[in-house]
Amino acid sequence: MKSLNTMVSLRYTAYKATVAVLSLLGPVNAPALEWRNGDWQVHGFLSQGFTYTDHNQVFGTSEDGSLDFREMGLNGSVKLLPNLLISAQGLYRDAGASDDMGTRLDFAQVDYSSPLLDSTLVLGVRGGRVKVPFGLYNDTRDVLSTRPSVLLPQSIYFDTLALRQAMISADGGVMYSRYTYGEHRFGLELMTAEPRDGTGGATVFLTGIPGAQGELGGRPMFIGRAAYEWMGGRGRLMFSIVDLDRDFRSASTVAPSGNIKVQYPLFSAQYNAEHWSLTGEYGWIDSQRKGFMPVTLKNTSENFYLQGEYRFTQAISGVLRYDVFHVDRNDRDGKSLSRMTGLPRHQFYARDLTTGVRWEFAHNFLLAADYHYINGTAWLNTTDNPDLLSGVGDSDWNLFTTMLSFRF
């Protein structure tokens, strides 16, 4: 009887997914809105996803099939002067318990640049709610067409841990420079900003306390990214780093207040040939927590992935990726943390083998699908998966997600 109910539920969910997908279909040739020779522009996107897991939950009740995965955005830019650009984006996003904020101002920034040395050197500054320069994908992750797959590597970008909102932008400023020498380009970005770590699951992630309630404060965060590009992006090397020092003021008598220090360095590399690309990123998170226990808690994670993409035609491409997250790189199998906490070992690692395909089947329309085989549950959030708090959860599980997107 349970099997029959599951089949009926899946068929009904598939019907709802079909309706949602068809509702996206609009005028196929809708162009971007531009005025004054492109100095004024308006763009938008509308994406609807479907997620299914055989165990555990991702973006809602995915074991029954979930449609709680949608992204809608409208952005505009105005070039007031040749070197002065103002841009902003409003976003509606729903991703189960990983993102239930609904409508928000994603970013709003003023960008002024000054070319020097016959334009081979550019110096600039951005201010406002600015996009965070981190890794290869963070500042372009908001649109499906700029991501290599429906889900980014979760060892690095943490969508399912409800950190997307805290990672995408912050309130502050960025100084940047670019220098071009022949086929070589060098770039440097330095950011100081007030992190948006009061949103999503950032408080829980930083404190390590499930359901933590309180406020985070302290000094602004510092972020740096250095980049090298060869032949217009055929080869790319990057180094990014985040430095964070936050004070947590608990609003609960159960959870104590404390201080969290975090450093997150990330090395990135990419090679793009005519038909294929190879990408890898490796980083670790050094964290130190004081005040939450009688002793200072120190931990170093390990985060990396290796990814290959192949473009079969101009419209169809595939991706293959191996993505790894270890909560403690000195305890990759989770045995020590399991003994310390009494939780299963699989909650302290996640190894994700992903294959996916993307099809631009019409102008401005993209359909993408991913299949993940995952060993471990380290990047699942406990709001979608409350049983994880009591040590319940499946260590080996499958995830299928697909998304249809329209943009103009």
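Residue pairs, Cβ under 6 Å, 6 or more apart or interchain, first in segment 358-385 and among the charged types (D, E, K, R), second assigned to a strand (DSSP E or B) and at pLDDT below 95. List them.
Here the result reads Asp384/Ala97, each pair linking segment 358-385 to a residue that is assigned to a strand (DSSP E or B) and at pLDDT below 95.
Considering every residue within segment 45-59, establish whether at least one is assigned to a strand (DSSP E or B), in contact (Cβ under 8 Å) with a residue 24 or more places away in the chain and over 21 Å from the mean Cα position of the chain (by Cα).
no
Considering every residue within segment 189-210, establish whether at least one is at pLDDT 90 or above, within 30 Å of Ser317 (Cβ to Cβ) and either part of a strand (DSSP E or B) or within 13 Å of the chain's Cα centre (by Cα) (or both).
Yes - at least one qualifying residue is present in segment 189-210.
Being of a type in the set (A, V, I, L, M, F, W, C), more than 22 Å from Gly49 (Cβ to Cβ) and buried (at least 21 other Cβ atoms within 10 Å of the Cβ): is that true of Leu343 here?
no
If a residue must be in a loop (DSSP other than H, G, I, E, B) and either within 18 Å of Val327 (Cβ to Cβ) or among the hydroxyl-bearing types (Ser, Thr, Tyr) (or both), how many such residues does segment 371-391 contain?
Qualifying residue count, segment 371-391: 9.
Here is a list: Ser119, Ser77, Ser98, Ser87. Which entry is of a type outside the set (Asp, Glu), crowded, with 17+ Cβ neighbours inside 10 Å and farther than 30 Å from Pro265 by Cβ?
Being of a type outside the set (Asp, Glu), crowded, with 17+ Cβ neighbours inside 10 Å and farther than 30 Å from Pro265 by Cβ holds for just one of Ser119, Ser77, Ser98, Ser87, which is Ser77.
Taking the options Ala362, Ala315, Ala368, Ala350, name whichever one is under 23 Å from Asp394 (Cβ atoms) and of a type in the set (Gly, Ala, Ser). Give the derivation first.
Working: Ala362 fails: under 23 Å from Asp394 (Cβ atoms); Ala315 fails: under 23 Å from Asp394 (Cβ atoms); Ala368 fails: under 23 Å from Asp394 (Cβ atoms).
Within the list Ala362, Ala315, Ala368, Ala350, the selection yields Ala350.
For Ser252, all conditions in the list (1) part of a loop (DSSP other than H, G, I, E, B); (2) modelled with pLDDT of 90 or more; (3) among the polar types (S, T, N, Q) hold save one; what is the number of the exception?
Among (1) part of a loop (DSSP other than H, G, I, E, B); (2) modelled with pLDDT of 90 or more; (3) among the polar types (S, T, N, Q), the lone unmet condition for Ser252 is (2).
Just to be sure I understand the filter: pairs with C-beta atoms under 6 Å, separated by 6 or more residues or on different chains, first member in segment 223-248 and among the charged types (D, E, K, R), second member not in a strand (DSSP E or B). Which pairs pass?
Taking only residues 6 or more apart or on different chains, the pairs are Arg225/Pro133; Asp245/Gly218; Asp245/Arg219; Arg246/Gly218; Asp247/Gly218.
Just give me the residues in segment 227-275 being more than 23 Å from the chain's Cα centre (by Cα) and under 29 Å from Thr313 (Cβ atoms), in sequence order.
Trp230, Met231, Gly232, Arg234, Ala273, Glu274, His275, listed by residue number.
What's the number of the only condition in (1) crowded, with 21+ Cβ neighbours inside 10 Å; (2) touching a Leu at 6+ places or on another chain (Cβ under 7 Å) that Ser177 fails to meet?
The one condition Ser177 does not meet is (1).
Of all residues in segment 100-131, which are closer than 26 Å to Thr382 by Cα and within 16 Å of the chain's Cα centre (by Cα)?
Asp100, Met101, Asp106
Among strands (runs of 3 or more DSSP E) lying entirely in segment 283-366, which contain 3 or more residues that are of a type outside the set (D, E, K, R), under 19 Å from the mean Cα position of the chain (by Cα) and at pLDDT 95 or above? Reasoning before the result, please.
Values: elements: 286-290, 297-300, 302-311, 316-326, 349-362.
So the answer is 302-311, 316-326, 349-362.
Would you mind finding the one in Gly135, Gly102 that is of a type outside the set (A, V, I, L, M) and modelled with pLDDT under 95?
On the way: Gly135 fails: modelled with pLDDT under 95.
After ruling out the rest, the residue left standing is Gly102.
Taking segment 246-286 as the search range and keeping residues that are among the β-branched types (Val, Ile, Thr) and surrounded by 17 or more Cβ atoms within 10 Å (Cβ to Cβ), which one is nearest to Ala212 (Cα to Cα)?
So the first thing to find is which residues in segment 246-286 are among the β-branched types (Val, Ile, Thr), and the list is 253-254, 260, 262, 279, 285.
Checking the rest, the ones that are also surrounded by 17 or more Cβ atoms within 10 Å (Cβ to Cβ) come to 260, 262, 279, 285.
Details: Ile260: 14, Val262: 18, Thr279: 36, Ile285: 20 Å.
Looking at the filtered set, the residue picked out is Ile260.
So which of Gly217, Gly233 ends up being small (Gly, Ala, Ser) and either over 18 Å from Asn138 (Cα atoms) or in contact with a Phe, Trp or Tyr (Cβ under 7 Å, 6 or more places away or on another chain) (or both)?
After applying the criteria, what remains is Gly217.
Residues Ser155, Ser145: which one is within 28 Å of Gly356 (Cβ to Cβ) and surrounded by fewer than 18 Cβ atoms within 10 Å (Cβ to Cβ)?
Ser145
Out of all the residues in segment 66-99, which are within 22 Å of the chain's Cα centre (by Cα) and not in a strand (DSSP E or B)?
Within segment 66-99, Leu67, Asp68, Phe69, Gly96, Ser98, Asp99 qualify.
The values are calculated or read from the model by the stated rules, or taken from the named source; none is laboratory data. In this text the structure is predicted, and so the values were computed from the model without any measurement. When we count neighbours, we look across all protein chains shown, and the Cβ atoms used for this are built from the backbone with ideal geometry, even at glycine.
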